[in-house]
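Input: a single structure, listed below in structure tokens.
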Amino acid sequence: MLSESSYLMAIYVYCGAAIMLLLCLAWWLGRRWPNVWVALLILVSAALLLTPAYPREEVDTLAPALIVAGFQMATEGFESARHALKPLTYSCGFAILLALVFRLVFLRSGRTSASSNAEKAESN
């Protein structure tokens, strides 16, 4: 087993790698896709990568829920993975809701009434 310091180091390395992956994905997709889709994909990816879960009931340490769910489904079946799938479902739902709020509040289209009036004046 891991000691407490090596466990914390492993968690820090995993979280750092996940955040770097999300930043690279945001940079790459931000140049090609609309901002709304990039925000949705990044938030759902962050929810999938960074949600923690307990590997078993008697364990006090946490692990990434996506990895726990994958291993549990592959080795013991769907029923044993429910404890890891439940937080994944909640965090993905929250990410979709947050992307919708971002869309409504921050990522509006660039058209304003002043720019639409200027376009009407130019066309006449």
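The values are calculated or read from the model by the stated rules, or taken from the named source; none is laboratory data. Everything numeric in this text was worked out from a predicted model, so none of it was measured. Ideal geometry is used to build each Cβ from the backbone, glycine not excepted, and the neighbour counts take in all protein chains shown. In case anyone asks, the SASA skips ligands and DNA or RNA and just uses the protein heavy atoms, side chains included. Shrake-Rupley method; radii C 1.70, N 1.55, O 1.52, S 1.80 Å.
So for the range 89-106 (the condition being within 15 Å of the chain's Cα centre (by Cα), outside any helix (DSSP H, G or I) and surrounded by 13 or more Cβ atoms within 10 Å (Cβ to Cβ)), does at least one residue qualify?
The answer is no, given that none of the residues of the range 89-106 is within 15 Å of the chain's Cα centre (by Cα), outside any helix (DSSP H, G or I) and surrounded by 13 or more Cβ atoms within 10 Å (Cβ to Cβ).
Which of the numbered conditions does residue 54 fail, given that it passes all the others? Conditions: (1) out of contact with any helix residue (DSSP H, G or I) (no Cβ under 6 Å at 6 or more places or on another chain); (2) within 21 Å of residue 98 (Cβ to Cβ).
For residue 54, the failing item is (2).
Kindly indicate whether residue 37 is open to solvent by 60 Å² or more (accessible area, probe 1.4 Å), outside any helix (DSSP H, G or I) and either closer than 23 Å to residue 101 by Cβ or of a type in the set (D, E, K, R) (or both).
Taking the combined requirement at face value, the residue does not satisfy it.
Given the residues 47, 53, which is the only one that is more than 13 Å from the chain's Cα centre (by Cα), surrounded by 14 or more Cβ atoms within 10 Å (Cβ to Cβ) and either closer than 21 Å to residue 70 by Cβ or without any contact (Cβ under 8 Å) to a residue 24 or more places away in the chain (or both)?
53
Scan the range 60-88 for residues that are open to solvent by 30 Å² or more (accessible area, probe 1.4 Å), among the hydrophobic types (A, V, I, L, M, F, W, C) and closer than 20 Å to residue 8 by Cα and report the count.
So the count comes out to 3.
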